[in-house]
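Student: Structure below; questions to follow.
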Amino acid sequence: MTPVLEISDVTFRRDGKQIIDGISLTVQSGEHWALLGPNGAGKSTLLGFCAAVTFPTTGTVRVLGGQMGRTDLAALRRSIGHVNPRHRLQYPLTVRDVVLTGITATIDTAARWTPSAEQVARAHELIDTVGLAARAEAAWPTLSQGERGRTLIARALISDPQLLLLDEPTTGLDVAAREQLLETLDTLDDSHPNMASILVTHHLEELPTSTTHALLIAHGRTVASGAARETVTTDHVTTAFAHPVEVGFHDGRWTARAKAGPRIR
């Protein structure tokens, strides 16, 4: 079976600085990856490869079987859903209309385009899936940050992507809103069983229980990669963040806290 994503020994340089240095990653259908690392580790650049928007300096990137540089990127991107909490919406669209922009892959409603009845029905189905049926007609400026996050998940899903990218989706959320959004992500494992996903974060508490695999990076290099339970460990996280961190795991969720040192009396 063709992997959803293959990144092979990629490097990336910007203004003479090495941002990514020899990272490889293979994502199969139905897998849910966490991309973890400290600020400045290269996570955003790596996500750009996954989204088929950033070309590596060296190495190869294959998304949905198509190699970047040798295939129609616009066609590839239509099968990739992207959730970015910094979504720059200019007009006060309703939740339904924001979700529908996922079909046209535009920020605002596309000019001279009218959704079909089937597309509107699909939008409402997804709005219900993310728990916002009562807010379908609410305008974007009136939504809480958590409601915006769940709206953007529905927007990403309306094109039936094979790969879902989540760029720090819980940014700016309080604890309750974060948990609601993570519960929404967990439901996707049942509603979209063949869809793969990659969630970028530097907080272990933001990993949903559906996480199957993880890639830890630091300074543009791989620290550890593989099954989540074997990868997100005290030793690996301590190495990636260059600080002694105690990692815990309970009921499918991770925690992290600084290791206690000797008390000074």
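Student: What is the angle, in °, between the Cα long axis of helix 145-157 and the longest principal axis of the Cα atoms in the chain? Nearest 10 is fine, range 0 to 90.
Tutor: With both axes taken from Cα atoms, the answer is about 70 degrees.
Student: Among 13-21, 112-120, 161-169, how do they line up by average Cβ neighbours within 10 Å per residue, starting with the highest?
Tutor: The densest-packed peptide leads the list: 161-169, 13-21, 112-120.
Student: How much length is gained on full extension from Gln145 to Glu246, taking 0.36 nm per residue of separation minus their Cα-Cα distance?
Tutor: Gain on extension, Gln145 to Glu246, equals 33.4 nm.
Student: Right, next: If one computes the Cα centroid of the stretch 57-81 and of the stretch 1-21, what distance in Å separates the two points?
Tutor: 13 Å
Student: Between Arg86 and Ala110, 0.36 nm times their residue separation minus their Cα-Cα distance comes to what?
Tutor: 6.7 nm
Student: Starting from one equal scatterer on each C-alpha and no solvent at all, send me the Debye-based log10 I(q)/I(0) for the stretch 53-197 at q = 0.12 Å⁻¹, two decimals.
Tutor: -0.50
Student: Once you keep just the Cα pairs under 8 angstrom separated by 6 or more residues, what percentage relative contact order results for the chain?
Tutor: Once normalised by length, the contact order is 24 percent.
Student: In Å and from the alpha-carbon atoms only, list the Rg and Dmax of the chain.
Tutor: 19.0, 72
Student: Could you order the peptides 45-52, 85-92 from most to least packed, using the average number of other C-beta atoms within 10 Å per residue?
Tutor: The packing order, highest mean first, is 45-52, 85-92.
Student: To continue, here is another question. If you bin every alpha carbon distance in the stretch 108-265 into 10 Å steps from zero, what whole percent lands in each bin?
Tutor: Cα pair-distance distribution for the stretch 108-265, in percent: 9, 34, 30, 17, 8, 2, 0, 0.
Student: Right, another one. Taking Cα centroids, how far is the stretch 169-201 from the stretch 211-257 in Å?
Tutor: So the separation of the two Cα centres works out to 19 Å.
Student: At 0.36 nm per residue, minus the direct Cα-Cα distance, what do His219 and Phe55 gain on full extension? Give it in nm, one decimal, please.
Tutor: The span from His219 to Phe55 would gain 57.2 nm if fully extended.
Student: If only Cα atoms are counted, what is the Rg of the stretch 90-159, and what is its Dmax, in Å?
Tutor: Every Cα atom of the stretch 90-159 included, Rg and Dmax give 10.7, 31 Å.
Student: So for each of 245-257, 136-148, 209-221 I average, over its residues, the number of other beta carbons within 10 Å; can you give me the resulting order with the highest mean first?
Tutor: So the order, starting with the most tightly packed, is 209-221, 136-148, 245-257.
Student: Please label the shape of the stretch 1-133 as rounded, prolate or oblate, based on the square roots a ≥ b ≥ c of the eigenvalues of the alpha-carbon gyration tensor (a/c under 1.5 means rounded; beyond that, a/b larger than b/c means prolate, else oblate).
Tutor: Because a/c hits 1.5 or more and a/b exceeds b/c, the stretch 1-133 counts as prolate.
Student: Go ahead and estimate [θ] at 222 nm for the chain from helices alone: -39,500 (n - 2.57) per DSSP H run with n ≥ 4, summed, over the residue count, rounded to 500.
Tutor: Taking each H run of at least 4 residues, the total per residue is -8500 deg cm²/dmol.
Since every read-out is calculated from the coordinates, none of them should be taken as a lab result. Please read these numbers as outputs of a predicted model, since none were measured by experiment. In this analysis, Cβ positions are derived from the backbone assuming ideal geometry, glycine residues included, and neighbour counts consider all displayed protein chains.
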